[in-house]
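Trainee: Submitted below is the structure of interest, expressed as structure tokens.
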Amino acid sequence: MVYFDVKPLGDLIKEFYELHKGPDYMNEIKVINSWPKVVGPFIASHTIDLSIKNNILFVRVDSDALRSELSYSKSLLMKNLNAIAGKEVVKEIVLN
């Protein structure tokens, strides 16, 4: 008789991404998806691109003034984004 290791589909998807994208991939997605909640709709609407690489969150915004304002809030943004992820995913924020 052959026995199969039965797992929920969600667990299999998580294992797949951890294997192919790295162990923090799902937490990185959580951080990126939570950006509008953390910064609010105005800043989110002026955010062009978000990406994470090596625990650095790269943020592109369409306004120099907004970029300047965000630079003063980097530590608070990191704290709030990491709280949503449940672990330290973002160690630095780079604004472009």
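Where a number appears in this text, it was derived from the coordinates with a stated rule and is not lab data. Nothing here was measured: the structure is a model prediction, and the numbers come from that model. Note: ideal-geometry Cβ built from the backbone for every residue, glycine included; neighbour counts use all protein chains shown.
Trainee: Residues Leu50, Leu77: which one is part of a helix (DSSP H, G or I) and surrounded by 12 or more Cβ atoms within 10 Å (Cβ to Cβ)? Working first, answer last.
Mentor: Values: Leu50 fails: part of a helix (DSSP H, G or I).
Only one candidate passes the filter, namely Leu77.
Trainee: Filter the stretch 31-45 for residues that are surrounded by 15 or more Cβ atoms within 10 Å (Cβ to Cβ) and either touching a residue at least 60 places away in the same chain (Cβ under 8 Å) or more than 12 Å from the chain's Cα centre (by Cα) (or both) and give the result.
Mentor: Val39, Ile43 - these are the residues of the stretch 31-45 that are surrounded by 15 or more Cβ atoms within 10 Å (Cβ to Cβ) and either touching a residue at least 60 places away in the same chain (Cβ under 8 Å) or more than 12 Å from the chain's Cα centre (by Cα) (or both).
Trainee: Moving to a separate point now. State all residues of the stretch 54-74 that are within 22 Å of Tyr25 (Cα to Cα) and not in a helix (DSSP H, G or I); if no residue qualifies, say none. Step through it out loud before you land on a result.
Mentor: So the first thing to find is which residues in the stretch 54-74 are within 22 Å of Tyr25 (Cα to Cα), and the list is 54-60, 74.
Matches in the stretch 54-74: Asn54, Asn55, Ile56, Leu57, Phe58, Val59, Arg60.
Trainee: Identify the residue in the stretch 80-96 that is among the aliphatic types (A, V, I, L, M) and in contact with a strand residue (DSSP E or B) (Cβ under 8 Å, 6 or more places away or on another chain) and, among all such residues, is surrounded by the most Cβ atoms within 10 Å (Cβ to Cβ). Full working, then the answer.
Mentor: First pass over the stretch 80-96, keeping only residues among the aliphatic types (A, V, I, L, M): 81, 83-85, 89-90, 93-95.
With in contact with a strand residue (DSSP E or B) (Cβ under 8 Å, 6 or more places away or on another chain) added as a condition, the list becomes 81, 89-90, 93-95.
Numbers: Leu81: 24, Val89: 21, Val90: 20, Ile93: 17, Val94: 12, Leu95: 15.
Restricting to residues being among the aliphatic types (A, V, I, L, M) and in contact with a strand residue (DSSP E or B) (Cβ under 8 Å, 6 or more places away or on another chain), the top hit is Leu81.
Trainee: In this structure, does Lys87 turn out to be within 20 Å of Glu18 (Cα to Cα), in contact (Cβ under 8 Å) with a residue 60 or more places away in the chain and of a type outside the set (Phe, Trp, Tyr)?
Mentor: yes
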